[in-house]
Amino acid sequence: MEGSSESKMQLLLQHIRTFPDFPKQGIMFRDICPILKDPTALTAVIDLFEEHVVKKNWKVDLIVGLDARGFLFGPLLAQRLGVGFVMVRKKGKLPGATVSVAYDLEYGKAEAEIQEDAVKPGQKVLLIDDLLATGGTLFAACELMKKQHADIQGCLVVIELLELKGIERLKPYNVFSLVQY
């Protein structure tokens, strides 16, 4: 996509809708559906992620997408970078032998898993998702990568909710967000 990084960011910002009090009172829901509906906006997101990876000079073997919205952006970035894509899913969604990690949610617990043979020891990975809130899911995915002995280059998200301080939970990982609220 032609255009400056600044114009791509403006396009991205124009395609994020805010829904107050969803799914409950006091929550400002940031909706990325308009990005997915507009091929130019979606291309801008992938361009911005690719620019960041190139700027950081990261050498990547795999993009690791988090269930479920990391599956929307991850394969596009992987294709652009000429690397593979693997999925981190909720427990019980992947066939074959898996490795899992339990983690805390705001109101309970969950488990994330990956197929046992998805990542080889030493492979350089980038994790990707749509949103960084409290950091629980992304942290669990990083823990899975550690179990697989992967080399985590960084984490990419479209939106970061600053007041929830999820980035604190992800130290010492390099986290890059396109938009912060």
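Just so you know, all these numbers are worked out from the coordinates, no wet-lab data involved. Only a predicted model underlies this, so the values are computations on that prediction, with no experimental measurement involved. Cβ coordinates were reconstructed from backbone atoms using ideal geometry, including for glycine residues, and neighbour counts include every protein chain displayed.
In whole percent, what relative contact order does the chain give with Cα contacts below 8 Å and a gap of six or more residues? Computed over the chain, the figure is 16 percent.
Across the stretch 34-47, computed HN-Hα scalar couplings (Karplus, 6.51 cos²θ - 1.76 cosθ + 1.60, θ = phi - 60°) run x, 5, 5, 7, 10, x, 5, 5, 5, 4, 4, 4, 5, 4 Hz from first to last residue, x flagging Gly and Pro. A cut-off of 5 Å between modelled amide H atoms, ignoring neighbours fewer than 5 places along the same chain, links Asp151 with Gly122, Gln123, Lys124, Val125. Computed 3J(HN,Hα) for the stretch 117-127, one whole-Hz value per residue from the Karplus formula 6.51 cos²θ - 1.76 cosθ + 1.60 where θ = phi - 60°, is 9, 6, 10, 8, x, x, 5, 8, 10, 10, 9, glycine and proline marked x.
Determine which residues of the stretch 1-20 fall in the zone a paramagnetic label at Val54 would reach in this model, i.e. backbone nitrogen under 19 Å from the point 7 Å along Cα→Cβ. Output list for this probe position: 1-12. Around the amide H of Glu116, modelled in the peptide plane, lie the amide H atoms of Ala97, Thr98, Val99, all under 5 Å away and 5 or more residues distant in sequence or on another chain.
Just the number, please: percent antiparallel of the DSSP beta bridges in the chain, rounded to the nearest 5. Let's see the in-between values first.
Working: 14 of 36 bridges.
Antiparallel bridges: around 40 percent, rounded to the nearest 5.
When its C-alpha radius of gyration is set against 2.2 N^0.38 Å (N residues), the chain gives a value of 1.00. Distance between the C-alpha centres of the stretch 80-102 and the stretch 103-181: 13 Å, rounded to the whole angstrom. The HN-Hα couplings worked out from phi for the stretch 80-85 by the Karplus form 6.51 cos²θ - 1.76 cosθ + 1.60 (θ = phi - 60°) are 4, 7, x, 10, x, 10 Hz, whole numbers, x standing for Gly and Pro.
Dipole magnitude for the stretch 57-180: computed about the Cα centre from +1 point charges on Lys and Arg Cβ and -1 point charges on Asp and Glu Cβ, it is near 220 debye.
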